[in-house]
Structures are given as structure tokens and as C-alpha cells.
Amino acid sequence: RKEVEQDPGPFNVPEGATVAFNCTYSNSASQSFFWYRQDCRKEPKLLMSVYSSGNEDGRFTAQLNRASQYISLLIRDSKLSDSATYLCVVNVTSDSGGYNKLIFGAGTRLAVHP
Amino acid sequence: EPEVTQTPSHQVTQMGQEVILRCVPISNHLYFYWYRQILGQKVEFLVSFYNNEISEKSEIFDDQFSVERPDGSNFTLKIRSTKLEDSAMYFCASSEGVSQPQHFGDGTRLSIL
């Protein structure tokens, strides 16, 4: 089983649409969670952290369900500039807190068209 | 906004040669990382570094790889004898703490001929 699993897409949506991305993770030692976006041949850029209580940042809403090891991202009123690959990322930390590493999903591609 | 900077942006090297990729993490960050992304594949963890030593490394990070923080600002990744399969984008990242978001540099594209 992949450590972080995402639907690869692509999701092709018109401007203004609402789109939802889902992600599951397998490592129960995962302690913090993020969504990053990556434009073609660019670096991953932090979009938002994800909390169990759910969190919102403008048009973006993220949710975490630790019991089912599931993470989601909702984008409302999508814009052309939202076109990118969205990476689900979990931060695995050692019990002692001595080290951590990010485990990336393969990403879900979003294409927003006029 | 402070950012992670990486040099060079593109490095072309003959197989078997040594390369050094350079990074300047965000100044108040304490944790440093290297990741790589082979074209068309996902981002993969290589190594984490804290308090002047490696704290975790992946299977990819074998004896050919090393990291160093030679001074108070630079963080380097060295590949001693490059192979064709080392061709990838290499990203440096840094964070304030173990659970804090990691911020990425814009990467070095390494091409091995």
C-alpha cells in the first residue's frame, strides 16, 4: 500500500466550479498534515496545514480525519490560476521528536478552463 | 517574505563526477532537508539535518551522498560519483520545528550525461 495515496486526476473543471481532492495515508506515526501545490517544474509551495477541526483559508477548506486516515481539500469558485498539481503531504515524526520527514503523495492535477 | 535559496538552478555533469548542490535555508530555521524529484515522479525524502548532524536518511541516501553545514548559512548536498539515475530536481527545505511546515527552495535541476 502506498504511504500517501491520491487520485492522480486530471480534474478538468470550468472557472467557478467547486472541486474536491481526497487523500489517504497509511503511516499512523504521521503527526502533521499539509497540502502543497506544485506548478510544472517548480518547487512545492505550501498551500495550507490541515487540522482535525478543519480549517479554511479563503476559497480553500481542508479537513483531516485521523480515525480513517483521510485528508481532503475543497476549492470553491476555482480560478484559472488554481491550475496546478495538488500534493497531499504527511509529516512523519519519530517518537522522540528527534527527526521528521515529509511523505508526499504523487499529486492530483487540476486544470481550470475558461 | 524570507525564502530558501538554491544554487545553481541547473547543473550538467558527466557521470562519475562529483557535484555539490548549495542551499541557504531561512535564517531562523533549525531543521534542514533535501528532497529529490525525478521527472514525472513524486517528491522523495533524502535526508534531514538538525544540530549539525543527520537525524534521518532514506534508502536513496547511500554512501555516495553527504550533507554539510560548513558555516552558519549554507547547507550543501554532495554526490561523490554521480550516476545517470541521479538525474532529478533536488529541493532543499527548512522548517522552524519538527511539526512546522517545510519551506522549499526553487530547486536545482541535475542532469547527468
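Compute the Rg/Rh shape ratio of the protein assembly as shown: radius of gyration over Kirkwood radius, all on alpha-carbon atoms.
Rounded to two decimals, Rg over Rh is 0.97.
Mind putting together the pair-distance distribution for chain A? All Cα pairs, 10 Å bins, whole percent per bin, short to long.
15, 47, 30, 7, 1
Where the only charges are on Cβ atoms (+1 Lys, Arg; -1 Asp, Glu), what is the dipole of chain B about its Cα centre, to the nearest 20 debye?
The dipole magnitude comes to about 240 debye.
Leaving ligands, DNA and RNA out of it, work out the accessible area of B:H103 with a 1.4 Å probe and give it in Å² to the nearest 10.
Approximately 70 Å² of B:H103 is accessible to the 1.4 Å probe.
Return the carbon/sulfur percentage of the accessible area of region A:1-105, one whole number, probe 1.4 Å, all protein chains in place.
Details: 2320 of 4940 Å².
Ligands and nucleic acids excluded, carbon and sulfur give 47 percent.
Could you provide, to the nearest whole Å², the per residue accessible area of chain A with probe 1.4 Å?
47
Which one of A:N22, A:I75, A:Y36 is farthest out on the positive end of the charge dipole of region A:2-75, using unit charges on Cβ (Lys, Arg +1; Asp, Glu -1) and the Cα centre as origin?
Highest projection toward the positive end goes to A:Y36.
Under the definition of partner shielding as Cβ atoms of other protein chains within 10 Å of a residue Cβ, what is the mean value for peptide B:90-100?
Average per residue, whole number: 3.
Just how far, in whole angstrom, is region A:56-101 from region B:37-113 if you go by their alpha carbon centroids?
Each part's Cα centre sits 22 Å from the other's.
List the pair-distance distribution P(r) of chain B, using every Cα-Cα distance, as the percent of pairs falling in each 5 Å bin from 0 up to the bin containing the longest distance, rounded to whole percents.
Taking all Cα pairs of chain B, the binned fractions are 2, 13, 24, 27, 20, 10, 4, 1 percent.
Please give the total accessible area that chains A and B bury against each other, computed with a 1.4 Å probe and expressed in Å² to the nearest 100.
Result for this pair: about 1800 Å² buried.
Can you tell me the order of A:66-77, B:38-49 when each peptide is scored by its average per-residue count of other Cβ atoms within 10 angstrom, highest first? The partial results should precede the final answer.
Values: A:66-77: 15.4, B:38-49: 17.9.
Most protected by this proxy first, the peptides run B:38-49, A:66-77.
Any idea what the relative contact order of chain A is, in percent, if you count C-alpha pairs under 8 Å spaced at least 6 apart?
37
Take the Cα of B:S99, step 7 Å along the line toward its Cβ, and report every residue of region A:49-84 whose backbone nitrogen sits under 13 Å from that point.
A:50-53
How shielded is B:45-51 by partner chains, expressed as the average number of their Cβ atoms within 10 Å of its Cβ atoms?
Mean shielding by partner chains, rounded to a whole number: 3.
The values are calculated or read from the model by the stated rules, or taken from the named source; none is laboratory data. This structure is a prediction, so every number in the text was calculated from the model and none was measured. Quick reminder, even Gly has a Cβ in these numbers, built from the backbone with ideal geometry, and neighbours come from all protein chains shown. In case anyone asks, the SASA skips ligands and DNA or RNA and just uses the protein heavy atoms, side chains included. Shrake-Rupley method; radii C 1.70, N 1.55, O 1.52, S 1.80 Å.
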